Amino acid sequence: MSKKIIIGLFVLIVLLAMGASYLWSNLGGIIEKAVDTYGTEATQTPVRLGNVKLSLTTGEGSLSDLSVGTPTAFSAPRTLYPAPITVQLDTRSVTGTGPIIIKQVVIDKPEV
């Protein structure tokens with residue numbers, strides 16, 4: 001009986017490690033999709049994010065090629081043109097159950 005429990009726990013640990021590895025390696029894609037989906041929904045304009053790099057160990061990240069479209073009543077193709085964005089997260093908030101705390105956001109030379 002105890003051998004089955006040990007094997008079950010081992011399998012569970014392996015599955016959890018595989019899930020964490022999958023999330024870790026695909027985190028940028030998950031964030032890109034979320035920004036595209038919820039940004040478009042919130043602004044009612046096309047929002048596209050090109051690339052995300054994020055280190056959960058240091059809390060540092062960068063977003064590149066963010067493009068925000070304009071509402072239909074305006075003639076310009078976009079409201080915000082791609083500019084490098086850096087972020088700093090509170091690493092303790094990432095592992096908790098509460099909201100993720102963003103300590104700093106810097107948009108370098110935005111074109112509006």
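The values are calculated or read from the model by the stated rules, or taken from the named source; none is laboratory data. Predicted model, so just to flag it, every value in this text is computed and none were measured. Don't worry about glycine lacking a Cβ; one is built from the backbone with ideal geometry, like all the others, and counts go over all protein chains shown.
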Residue count for the stretch 59-71, restricted to those that are over 15 Å from the mean Cα position of the chain (by Cα) and either assigned to a loop (DSSP other than H, G, I, E, B) or surrounded by fewer than 15 Cβ atoms within 10 Å (Cβ to Cβ) (or both): 2
Near pairs, Cβ below 7 angstrom, 6+ apart or cross-chain, from the stretch 37-54 (over 16 Å from Pro77 (Cβ atoms)) to any residue that is part of a loop (DSSP other than H, G, I, E, B) and among the polar types (S, T, N, Q): none
Failed item, numbered, when Val14 is tested on (1) modelled with pLDDT of 90 or more; (2) not polar (S, T, N, Q); (3) not in a helix (DSSP H, G or I): (3)
The stretch 56-112: number of residues that are of a type in the set (D, E, K, R) and within 21 Å of Thr40 (Cα to Cα): 3
Of all residues in the stretch 29-52 being surrounded by 13 or more Cβ atoms within 10 Å (Cβ to Cβ) and under 19 Å from Ser93 (Cβ atoms), the one that is modelled with the lowest pLDDT: Ile31
